[in-house]
Amino acid sequence: MSDLASRLDQFIDRRVLCVGDLMLDRYVYGQVERISPEAPIPVLHTQRETATLGGAGNVVRNIAALGGRVDVIGVIGQDQTGADITKIFAELPSVTTHLLADPSRPTTQKTRYVAGGQQLLRADHESAKPITADIEQKIIHAISTAIEASNVIILSDYAKGVLTPKVVSQAIALARATGKIIIIDPKGRDFGRYNGATYLTPNRKELSEAIGRNVTTVAEAETAARHLMQEFQIENILVKLGSEGVCLVRKDKPALHLHTKAREVFDVSGAGDTVAATLALALASEFTPEQAAELANIAGSIVVGKVGTASVSRDEIERELMHGSAQLGEEKVVGFATIADIAERWRKQGLKVGFTNGVFDLLHPGHISLIRQARAACDKLVVGINSDASVKRLKGETRPVQNEAARSAVLSSLADIDQVVIFGEDTPLELIKTIRPDVLVKGADYTVDKVVGGTEVKSWGGKVILATLIDGQSTTKTIAKMAK
């Protein structure tokens, strides 16, 4: 495990070519407080909306989050959804887009309405008709142009008309001619269209449909996979088995069944995209097929613990590899990218996110009181602490007494705190913008208008709370007494 963790940086700048059905996943969050008088349906009072890449776009997002570089080829309509997808891609510096606009079809959009952490409704706006011959030829040309610089190719098939039989067969032929691995996340009953692929990554349902009978056990999954491999000259199949993990089936080798770590599942949306993305980057980084499957399985098991279409980072995989059985305190200290993801997941579950910050050098009753008051105001509490360098700038060369590792370890042991983040700036403003807390708590020695981040928190509908202070409690005073 530690050997795999030490090699995850090999993912950085590996190049993957991703071709497939692009989508936009919109989430509309709100509260339901009454039933409509027009029909027996809930009325959603909308509070906020988010949009993220879905389908092949989610594969791209996962590759980028893991440190890889991506060329993405896909089709959008000449509409606002297509413009939104283009804008999101533009914000990913490691992604090069080859987007073809087709005015005859809408860009696929799936809108989910959520209240109290539960989906109420999903509305799909899409066309599944095959792309035109002209668009088809342009996609094949784009593949032939981008393939040479790529380490691995992924075809992300959501049966929305982009991956026609001709596009698939030409992509496979180009991959084989250039000696590239081609991974296909399949859809539909006809796996014959994937003849000659290096890897297929079907889930249990897709495998059952392709074989024409239910696949219920791991042994049945292996048998079905070997039948398809022989019939369609497929070199490897990685079967996604949900809570049972994955099963890697290779020619002339025993099947490898990798179990998943038991965890609470919030959402399986896009988990297959995460598996395909991780498998691709691992193979591009020259991990063995067995190692690549293990990493893909871990990534998939992490992402189902998140809400909505999500991605996984190298840090998360590394923590799982290195600290699979770590103490809770060790898992509480996270970086900026991870806390942003965690906070968004909490919000999607309908939880109120709180934030407070400080140096927390030589923890005393005043600190404990602040933390307890902060926790009472929210469902999940994030505490930001100044880095050692930041403390020295603010309080002088003799501080902190305890380094940031010690201070974060002490805070992590407190049950009232859910996550701890170390920030290197003099103020927590950037961290607050990253977390976007619903509640910001500071001591009453401040006024609301002087609280760093207060204006920002109120701008997105949050509130600022001033906590009651305990007289006479101060780290500076404690240090002064010790010096006497």
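The values are calculated or read from the model by the stated rules, or taken from the named source; none is laboratory data. Predicted model only: the values in this text are computed from it and were never measured. Neighbour counts run over all protein chains shown; Cβ positions are idealised from the backbone, glycine included. Protein only, heavy atoms only, side chains kept; ligands, DNA and RNA dropped before computing areas. Shrake-Rupley method; radii C 1.70, N 1.55, O 1.52, S 1.80 Å.
Quick notes
- From the list N386, N403, the lone residue that is buried (at least 18 other Cβ atoms within 10 Å of the Cβ) and either farther than 22 Å from G462 by Cα or in contact (Cβ under 8 Å) with a residue 40 or more places away in the chain (or both) is N386.
- Hits in the range 203-259 - residues which are assigned to a loop (DSSP other than H, G, I, E, B), hydrophobic (A, V, I, L, M, F, W, C) and over 14 Å from F191 (Cα atoms): V215, L241, A255
- Scanning the range 46-65 for residues that are open to solvent by 10 Å² or more (accessible area, probe 1.4 Å), touching a Lys or Arg at 6+ places or on another chain (Cβ under 9 Å) and not aliphatic (A, V, I, L, M) yields R48, E49, T50, T52.
- Residue that is nearest to Y27 (Cα to Cα), among those in the range 95-133 that are open to solvent by less than 30 Å² (accessible area, probe 1.4 Å) and free of Cβ contacts under 8 Å to residues at least 60 places away in the same chain: S127
- Among the residues of the range 207-225, those that are surrounded by fewer than 22 Cβ atoms within 10 Å (Cβ to Cβ) and out of contact with any strand residue (DSSP E or B) (no Cβ under 6 Å at 6 or more places or on another chain) comprise S208, E209, I211, G212, R213, N214, T216, T217, A219, E220, T223.
- Qualifying position, being open to solvent by less than 10 Å² (accessible area, probe 1.4 Å), part of a helix (DSSP H, G or I), in contact with a strand residue (DSSP E or B) (Cβ under 7 Å, 6 or more places away or on another chain) and at negative phi, among A175, A197: A175
- Pairs where the first residue, in the range 146-161, is in contact (Cβ under 8 Å) with a residue 12 or more places away in the chain and open to solvent by 10 Å² or more (accessible area, probe 1.4 Å) and the second is assigned to a loop (DSSP other than H, G, I, E, B) and hydroxyl-bearing (S, T, Y), C-beta under 9 Å, 6+ apart: N151/S285; K160/S127; G161/S127
- Of all positions in the range 68-79, at least one carries a residue that is free of Cβ contacts under 8 Å to residues at least 60 places away in the same chain and either touching a His at 6+ places or on another chain (Cβ under 6 Å) or surrounded by fewer than 18 Cβ atoms within 10 Å (Cβ to Cβ) (or both).
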